[in-house]
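Data block below; observations after.
We did not get these values from a lab; they are worked out from the coordinates using the rules stated. Source: prediction; values computed, not measured. Reconstructed Cβ throughout: ideal geometry from the backbone, glycine too, with neighbour counts over all protein chains shown.
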Amino acid sequence: MGKRPSGTGPLGIVAGGGAFPAAVADAVVAEGREVLLFLIRGFADPALERYPHHWFRLGSLGSVTALAKARGVKDLVMVGALTRPRVSDLGLDWTMLRVLPRIIRLFRGGDNHLLSGVLGLVAEQGFHLIGAHEAVPRLLLPEGVLGALAPTAQDRADMARGLDLIRTLGPFDVGQGVIVVDGFVVAVEAAEGTDQMLARYGEMRRTGRLRIPARRGVLVKAPKPGQDRRVDLPSLGPATVERAAEAGLAGIAFEAGGAIVPDAQALGSAADSAGLFVFGMGRGDAA
């Protein structure tokens, strides 16, 4: 985009679903910077109204950018869960209608293609798009073990295999997660997302489709090669730990610096309570 974050004026936070927009907003405010939240209707938590905010529909780019400029916003960050909408559900305003052919083309690609294209449209309005990892680096998953339990040698081999698969599938713009057990890839994240992949794997174990003992295997997640890390960066919290435990896994491994973790201490405690390890993979874990 050519420009660096200004660091001045309020930080605009485009908020989707889940708890992570609040974590980013809290961290930014704690560092002494004002925030202005743009809450996406149908996705953002109404509790976010405790911050200065504006509700909008995904297709209302014109009204959002006009308001942001009027409030002195120069830097924008997108954070929170979104499901892929239909073009007919966007509620397009005049600004978006003028670029409707481009929007239709964006919807013909994968999620990374779509999100990066939307960022391009926003940047054309004069904003600098930054990632949550740039806005609040301290919220990123650190390298190494969180909690008391560490991965075994087999777990580390499963991590490396999972990373290899994610990188191989990257050009196809599919999900960011896989489950690997003793060297076997038993589940790949697609459009259903991580939670549903974990539920599907757990159901295969319960029904005997997969005869795998409890506390075996690793959920491996990492950004796709070439992914624009300003959008769709994975997030990791106690809820993911709970679902991985229910599925019968031994642990969770995310790329260090490649996932948002609002509270690393709480995450480690949740992992200890569930009997799982949580591990931030560094460069050496890809070997």
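In a shell of Cβ-Cβ distance under 13 Å around M281, excluding M281 itself, what net charge do Lys and Arg (+1) and Asp and Glu (-1) give? Working shown, then result.
Numbers: positive: R156, R161, R167, K221, R283; negative: E143, D155, D158, D164, E255, D285.
Residues near M281 contribute -1 overall.
Size check on the range 140-286: the Cα extents along the three principal axes, sorted descending, read 39, 34, 26 Å. Taking 0.36 nm per residue of sequence separation and removing the Cα-Cα distance, the A199/S273 pair yields an extension gain of 24.6 nm.
What number, in percent, do you get for the relative contact order of the range 177-259 if the mean sequence gap of Cα pairs under 8 Å and at least 6 apart is divided by its residue count?
Values: 108 pairs, mean separation 28.5, N = 83.
Relative CO of the range 177-259 lands at 34 percent.
Over the range 117-195, the hull volume per residue, using the convex hull of the C-alpha atoms, is 140 Å³.
Could you give the length gained by full extension between R229 and T8, i.e. 0.36 nm per residue of separation minus their alpha carbon distance, to one decimal place? Could the numbers behind the result be given before it?
Numbers: separation 221, 0.36 × 221 = 79.56 nm, distance 2.19 nm.
Gain on stretching R229 to T8: 77.4 nm.
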